[in-house]
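Student: Below is a structure I'd like to ask you about.
The values are calculated or read from the model by the stated rules, or taken from the named source; none is laboratory data. This is a predicted model, so every value here is computed, not measured. FYI the Cβ positions are ideal-geometry reconstructions off the backbone, even for glycines, and counts take in every protein chain you see.
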Amino acid sequence: MAHAEKGAQVADVGLPYDAGGSGDAVKGSSADDQRDMARMGKEQEVRRDFRTVSMFGFSMILMCSWEGILSTAAIGLGNGGSAGVLYTNLATWLGFIAVYASLGEMGSMMPTSGGQYRSSIPHIEPSILQLTPAQTGCVLMLKALGRLLIEQQVSEFADRRYQRFLSYVVGWLGVLGWQVGVAFSGFLVGTQIQGLLALNYEWYVYERWHGTLLILAMLLFSVLFNTLLAHQLPLLEYVVLAIHLLGFLCILIPLWALSPKTPSTEVWTSFNDPGWGSQGLSTLIGIVASVAPLLGADAAAHMAEELVNASFTLPRILLWATVVNGAMAFVMLVTFCYCIGDLESVLSTPTGYPFIQVFYNSTQSLPAANAMTSLIIILSACSNITVMAGSSRQLFAFARDSGVPFASWVAYVRPRSNVPVNAIIVSFVVAVIIALINIGSTVAFNSVTSLGTGTLTISYIISISCMIWRKLSGRPLLPSHFDMGRRFGLAVNFVAVAFMCLVFVIAFFPPVPLPLLTVVSMNWSILIFGVVVLFSMGYYVVFGRKQYVGPVAFVRRSE
C-alpha cells in the first residue's frame, strides 16, 4: 500500500470513492477502505472483522445508556429533582445527536482509529479572512474558544505547524479521557457487585480495597478478552446487543408492574435546589447525570480500521446508536422517577446504588432484585470490554503518529495478532494505577476519573470547531458518505459546540454547594486537568515537536 512521505500537504479533496465498494480484500477491507487508508498514508495493520450490526452493538453497549442512567440518576435527583433531571435528559439527548452527527461527518472523511484528533487539521489560508459580515460574526464566536483557532497572518509553513500542534493537543486529551474511562467503567462493575453483597448480607461492610480488587479482576478479564479472544469481539457484540435490548424490557416491565407510583404532577413539576441559590444552576449541575451515559459513542470511530466500509457505515452507527440509546435512557429514567418511592431513604441505601434498593422495594424479593442487578452488572462488564477496545485503539493511533513516549513500542502490532496488544497492555496498566488510588481515597479516584468528561468534551469542541472553520473558509472538504450540507451541517455543528461548551464548564463544578462543600467533597478534577495539560504541553515542547508527525503529514494530495 502506498504511503505519503512526511511533509506531504493535506489534500484539498480526497481520492474518489468506489460506489460499489468492491475490490480485492486486504485484511477484510473493501475498495473504499483501501482507498481511504492510502489517502491517509496509513497501512492496514489490523483485520476488519466488524460489520454494521456488530459495530452497532459495540457502540450501544459501550454507551450502556439505560444501565448507566440508573447509576447516575441520583446526581440529577439531588441537583434539580425529578423534573430537572428529566428535562435536562431530553436536552442532553438532542445535544449529543448534534455532537455525534458532527463527529460522524468527520469520521466519514477520515475513517481511522485516531478519531477526532485526526480531524483537528483545518487548512487555513489567507483568503479565509475575506468573509461576509455573517461569517465574520461566526468567526468572532469561534475566537472565544481560544486564540489557538485563528492567526491573522498565516503562511503555508505556519499553517502546518498549527495543524500538528492542534491535533497533538486533541490527541492527548482523547487518550487521557479514554484511559480514565477504562478505570471508571471497571469501578462501576466492582462497586455494583459490592452493592449486591450489601443487599444480601447485612453484616457486609463496604471496604475500598474490596472494590479495588473487584476492579482489578474486571480489568484483567477485559484485557484477556481483548487479546486472547479478540477475534470473538464482533460475535460478543451480537450477543450483548440482544441482551442489552431484551434486558431493557426485563427491568422495565417489573418496575411498572410491581412498584407503587409517584403522582405524575410530582414527577414532572418537582424541582430540587440543595443550596445553590438558583434553581436553574442546580438543574444544570444535574445535567452530568445524563451526560455520562451518552458520552463516548465516538469509540466506534476509534474502531474504524476494523470496520468494513467504515466511511459509509461509521457515521450512521454513531447517529443511530445515539438515537436508540438516548430513547431507551429517557424511558428508563421516566420509569425510575415514577417508581423511586421515598427519595431520601433510597439515596441513603446501604447498597450505595439507589437502583438496587428500588429493585428490591419494587419486587420485595431478594432473588428478583439479585437477578435484575446481576443483569446490570453483566452488561456493565461487557461495556468495560468495549471501552478497553476503544481506548487501546485511540492510544495505538496516537502512538503511530509518535504522540506518546515509547511510541514505536506502543504502536507495534504483531503480524499474527491483528490487534494492538501493546496498546491494550498500556491501557490496562494505566487503569490499574488509577484503580489503586481508590484504596487510599475514593474522592481522589473520582477526581481522576471525572476528568474523562472534561477531556473528551474539549476534544469534541476543538475538532468540531475545526470543521466549522473549514466550512466558513469556503474551502472544499474531503469526500464523505455522510454530507449534511453546508447550511444544515453548520447549524448542527454550532449546536454541538455550544452544548459541549456548557458540559465542559459544568463538568468541573463541585457536586454540592456551600456550606455542604468540604475539602473532601470538592471536585479537584480541574486541578488535575490543568496539570495534565501543562505536562502534555511541556512534553510537546521538549520532545513532541521533534518526534510527533501529526496526521496531516501523511495525507496524500489528491490525484
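Student: Tell me which of these Y412 doesn't satisfy, since it passes every other one: (1) under 23 Å from the mean Cα position of the chain (by Cα); (2) without any contact (Cβ under 8 Å) to a residue 40 or more places away in the chain; (3) surrounded by fewer than 18 Cβ atoms within 10 Å (Cβ to Cβ).
Tutor: Just one mismatch for Y412, condition (1).
Student: How many residues does segment 389-415 contain that are in a helix (DSSP H, G or I) and among the β-branched types (V, I, T)?
Tutor: Final tally of qualifying residues: 1.
Student: Here's another thing I want to ask about it. With out of contact with any Lys or Arg (no Cβ under 9 Å at 6 or more places or on another chain), within 27 Å of G286 (Cα to Cα) and not in a helix (DSSP H, G or I) as the only criterion, which of T386, T349, T335 stands out? Even if it seems obvious, please write down each step before you answer.
Tutor: On the way: T386 fails: not in a helix (DSSP H, G or I); T335 fails: not in a helix (DSSP H, G or I).
Only one candidate passes the filter, namely T349.
Student: Out of curiosity, is V497 β-branched (V, I, T) and at pLDDT below 85?
Tutor: Spelling it out, it is not the case that V497 is β-branched (V, I, T) and at pLDDT below 85.
Student: Do any helices (runs of 4 or more DSSP H) lying entirely in segment 416-498 carry at least 2 residues that are free of Cβ contacts under 8 Å to residues at least 24 places away in the same chain and within 23 Å of F508 (Cβ to Cβ), and which ones are they? Break it down stepwise before answering.
Tutor: Values: elements: 421-440, 442-449, 451-473.
The qualifying helices (runs of 4 or more DSSP H) are 421-440.
Student: Could you please give the count of residues in segment 327-337 that are among the aromatic types (F, W, Y) and either within 13 Å of I253 (Cα to Cα) or buried (at least 20 other Cβ atoms within 10 Å of the Cβ) (or both)?
Tutor: Final tally of qualifying residues: 1.
Student: Given the conditions (1) under 23 Å from P405 (Cα atoms); (2) crowded, with 24+ Cβ neighbours inside 10 Å; (3) at pLDDT 90 or above, and given that G181 satisfies all but one, which numbered condition is not satisfied?
Tutor: Evaluating G181 over (1) under 23 Å from P405 (Cα atoms); (2) crowded, with 24+ Cβ neighbours inside 10 Å; (3) at pLDDT 90 or above leaves (3) as the failure.
Student: Would it be correct to say that P367 is more than 28 Å from the chain's Cα centre (by Cα) and part of a loop (DSSP other than H, G, I, E, B)?
Tutor: Considered against the rule, which asks whether it is more than 28 Å from the chain's Cα centre (by Cα) and part of a loop (DSSP other than H, G, I, E, B), P367 comes out as no.
Student: Please count how many residues of segment 346-361 are among the polar types (S, T, N, Q) and either surrounded by fewer than 19 Cβ atoms within 10 Å (Cβ to Cβ) or more than 15 Å from S374 (Cα to Cα) (or both).
Tutor: Number of matching residues: 3.
Student: If E344 meets every condition in (1) in contact (Cβ under 8 Å) with a residue 12 or more places away in the chain; (2) outside any loop (DSSP other than H, G, I, E, B) apart from one, which number is that one?
Tutor: (1)
Student: Any residue that is surrounded by 17 or more Cβ atoms within 10 Å (Cβ to Cβ), modelled with pLDDT under 90 and hydrophobic (A, V, I, L, M, F, W, C) - is there at least one of those in segment 416-436?
Tutor: Yes, segment 416-436 has at least one match.
Student: Is there a residue in segment 307-315 that is over 21 Å from W93 (Cα atoms), in contact (Cβ under 8 Å) with a residue 40 or more places away in the chain, assigned to a helix (DSSP H, G or I) and in contact with a Pro (Cβ under 6 Å, 6 or more places away or on another chain)?
Tutor: The answer is yes, given that some residue of segment 307-315 is over 21 Å from W93 (Cα atoms), in contact (Cβ under 8 Å) with a residue 40 or more places away in the chain, assigned to a helix (DSSP H, G or I) and in contact with a Pro (Cβ under 6 Å, 6 or more places away or on another chain).
Student: If you take the residues in segment 521-546 that are of a type in the set (A, V, I, L, M, F, W, C) and over 27 Å from the mean Cα position of the chain (by Cα), which one is surrounded by the most Cβ atoms within 10 Å (Cβ to Cβ)? It would help to see each step written out before you state the result.
Tutor: Applying the first criterion (of a type in the set (A, V, I, L, M, F, W, C)) to segment 521-546 yields 522, 524, 526-529, 531-535, 537, 541-543.
Subset that is over 27 Å from the mean Cα position of the chain (by Cα): 541-543.
Numbers: V541: 10, V542: 10, F543: 14.
Per the stated criteria, the residue is F543.
Student: Let me confirm something: among S383, S282, which residue is of a type in the set (S, T, N, Q), modelled with pLDDT of 90 or more and touching an Asp or Glu at 6+ places or on another chain (Cβ under 7 Å)?
Tutor: Among S383, S282, only S282 is of a type in the set (S, T, N, Q), modelled with pLDDT of 90 or more and touching an Asp or Glu at 6+ places or on another chain (Cβ under 7 Å).
Student: Another question, then. Inspect segment 188-201 for any residue being surrounded by fewer than 16 Cβ atoms within 10 Å (Cβ to Cβ), in contact (Cβ under 8 Å) with a residue 24 or more places away in the chain and either in a helix (DSSP H, G or I) or out of contact with any Asp or Glu (no Cβ under 9 Å at 6 or more places or on another chain) (or both) and give the result as yes or no.
Tutor: Among the residues of segment 188-201, at least one is surrounded by fewer than 16 Cβ atoms within 10 Å (Cβ to Cβ), in contact (Cβ under 8 Å) with a residue 24 or more places away in the chain and either in a helix (DSSP H, G or I) or out of contact with any Asp or Glu (no Cβ under 9 Å at 6 or more places or on another chain) (or both), which makes the answer yes.
Student: Looking at segment 78-109 only, could you name the residues that are modelled with pLDDT of 90 or more and aliphatic (A, V, I, L, M)?
Tutor: Across segment 78-109, the qualifying residues are A83, V85, L86, L90, A91, L94, I97, A98, V99, A101.
Student: Just to verify a result, which residue in segment 202-245, among those that are surrounded by fewer than 21 Cβ atoms within 10 Å (Cβ to Cβ) and of a type in the set (V, I, T), is nearest to V421 (Cα to Cα)?
Tutor: T227
Student: If the Cβ limit is 8 Å and pairs must be 6+ apart or interchain, which residue in segment 232-256 that is more than 17 Å from F355 (Cα to Cα) pairs with which residue that is among the basic types (K, R)?
Tutor: P234/R51
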